[in-house]
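Remarks on the structure that follows.
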Amino acid sequence: MALMRAKKYFYVTTPYLIPDSEMINALCTAALSGIDVRIITPAVPDKWYVHALTQSHYRRLLVSGVRIFEYTPGFIHAKSMLCDGECAVVGTVNLDYRSLYLHFECGVWMYRPGCLADIRADFEEICRRMASEESQAILLDELSVSANAIKPEMERHISRWGHNIGNGYNLKAWQKEYSAIKKYVNNRPAYFI
């Protein structure tokens with residue numbers, strides 16, 4: 001994995017940041033060792049529950065020195081990883097369990113092509129724009145809401161959508177997904193904005 005070999009920086013853009021404990025440990029270890037680890041996620045979600053789970057990982061990452069930027073001009077669906085100007089991956093791979101272990105995702109692995117400087121420049125430009133008034137960098141002292149805040153939101157979506165959940169979900173499928181998310185949220189200390 002490129003992250004384990006990073007010496008200077010490791011940049012990630014992902015709409016769904018739901019890493020397992022190994023990935024969180026790797027990101028935290030890299031940041032604690034002085035590597036510039038930055039992650040861009042959307043501030044405008046397409047799935048509220050995935051967004052809440054994404055934000056639940058912020059505190060641990062921020063405490064370790066990972067810099068997180070939420071893209072606010074709209075929903076950012078880009079998926080890329082860049083390491084030290086040496087290698088990058090661009091494609092359909094999110095930084096979540098489903099993309100890494102269940103789905104057949106597509107990604108282009110690039111090793112020292114000329115375009116890596118352009119990918120880095122684009123990433124750093126997004127970070128610069130997010131440091132402006134219209135977007136935001138997530139700061140540790142801004143995280144204050146506990147995981148319990150997500151429960152009313154889940155209940156609201158269940159009652160709103162009833163038997164036909166958006167995107168073709170049926171009630172049985174939604175209840176299974178809801179139960180898994182609820183169990184996950186209830187069994188971990190989570191903080192999000």
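Descriptive notes on the structure:
- Residues of the range 33-79 satisfying the condition of being open to solvent by 30 Å² or more (accessible area, probe 1.4 Å), under 15 Å from D96 (Cβ atoms) and hydrophobic (A, V, I, L, M, F, W, C): A78
For (1) hydrophobic (A, V, I, L, M, F, W, C); (2) free of Cβ contacts under 8 Å to residues at least 12 places away in the same chain, each residue gets a yes or a no:
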site	(1), (2)
Y16	no, no
N25	no, yes
V44	yes, no
W48	yes, no
L53	yes, no
L62	yes, no
G65	no, no
C87	yes, no
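- Total residues in the range 1-32, condition open to solvent by 60 Å² or more (accessible area, probe 1.4 Å) and in contact with a Pro (Cβ under 7 Å, 6 or more places away or on another chain): 0
- Among the residues of the range 108-124, the ones that are under 27 Å from I24 (Cβ atoms) and open to solvent by 50 Å² or more (accessible area, probe 1.4 Å) come to 5 in all.
The values are calculated or read from the model by the stated rules, or taken from the named source; none is laboratory data. Values in this document were obtained by computation on a predicted structure and should not be read as measured data. In this analysis, Cβ positions are derived from the backbone assuming ideal geometry, glycine residues included, and neighbour counts consider all displayed protein chains. The accessibility values were calculated without ligands, DNA or RNA, using every heavy atom of the protein model including side chains. Shrake-Rupley method; radii C 1.70, N 1.55, O 1.52, S 1.80 Å.
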